[in-house]
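The structure appears right after this line, and notes come after that.
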Amino acid sequence: MIYIVIFISFLPFLTYLAIVIRREIKMNKKLRILEENQKELQQINRILKIEKEELEHKQSIQDKELQRYRLSNKQKQEILDKYTERQLDFHLIKFGRTPAWGSPSYSITVDALGNVLYHGKEAVRLIGFYQWKIYRKRIKNINSIIKKSNFFKIKGNEFLSEIDQVSGVIIEIYLKNGFHRKVHFDHAAGFPSDLSFLERKLDNILGTKKLWLFWAQKTVKLSIRRGLNYRCTFEINKGIYYRILEQEFYSDQYTDGWKSIDNILKKYEKLWYEDTYDSFNNHPIDTIWVEIESGFRFLISSFKHPEAYKEIAKLTEDFGERLQKSVKKKQ
């Protein structure tokens, strides 16, 4: 009987203990499931991480390829733009003047490489065919002035007056893209000012302006630099100035012109093709800077034109020696 009482008294405890054990078993089972799920998730996460790295690597490769493609397209577009722009440059220019009452008549052709072919016909100092070459800078200048003159936008191809025997100008330009245009006008007719601008610039750049007249022009300015200690300048209305070994001499003789210099320049007239960008006060040593009445300025170089250089240098040296002797006598 006593055992029954003891059992009954312990029954609630045993029941609670059974419930606790059962719950513990369930919790352990759930914990194992959660742990397994966690391991599975970790494994999935590792796989996803690997896949993510692979995707990022592929994305990086694709980005680089896309960037290369964009750069390639940009470079191709730049090349295409440059090519398109170059197609607007001239391929060939024909420029000339038709004769009338003794006015200058000549024709000149220049290509994109700067090769110039000149044909002097009438009232120019060089009759016949001559060739020379212009610098790359001048070729760029020609392309620039063609664009500035709007030559291919001018309306009309002929601007001619009804007056007979009027000298005309013909400008014919071929572009690299195949465009071509020829305009004929004379100065007695009304014509766009852009044509006059283009005409003047072509004459100056191509070097034809200095060929208009026979060489019967006076020297209006001349400057000789020989080494660091010799300088002689001549200006037609101011006289002659010498600086030799830091000594200065001046003469007002030959203010109306130095005929001996003019004769030498006429003797070698076929040598003077290129204009110079150097100035009267600042030109290279061992050169002679000359300006004639038409405004044409050129350099006589000791190595390019040795004979002409020696003759003019000798002439000025002789005059300088006489000038120095006369000054010393007066002193």
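Side notes on the structure shown:
- Sorted peptide list for 30-36, 200-206, 142-148, criterion being average Cβ within 10 angstrom, highest first: 200-206, 142-148, 30-36
- Cα-Cα over 30 Å, subset of LYS147/LYS304; LYS201/LYS267; LYS140/LYS182; LYS133/LYS238: LYS147/LYS304; LYS133/LYS238
- You can think of it this way: the chain between LEU113 and ARG136 has 7.5 nm of extra reach, that is 0.36 nm per residue less the Cα-Cα gap.
- ARG200/LEU66 FRET efficiency (R0 45 Å; Cβ-Cβ; nearest 0.05): 0.25
- Distance between modelled label sites at PHE280 and ILE163, nm, 7 Å Cα→Cβ extension: 3.4 nm
We did not get these values from a lab; they are worked out from the coordinates using the rules stated. Nothing here was measured: the structure is a model prediction, and the numbers come from that model. Neighbour counts run over all protein chains shown; Cβ positions are idealised from the backbone, glycine included.
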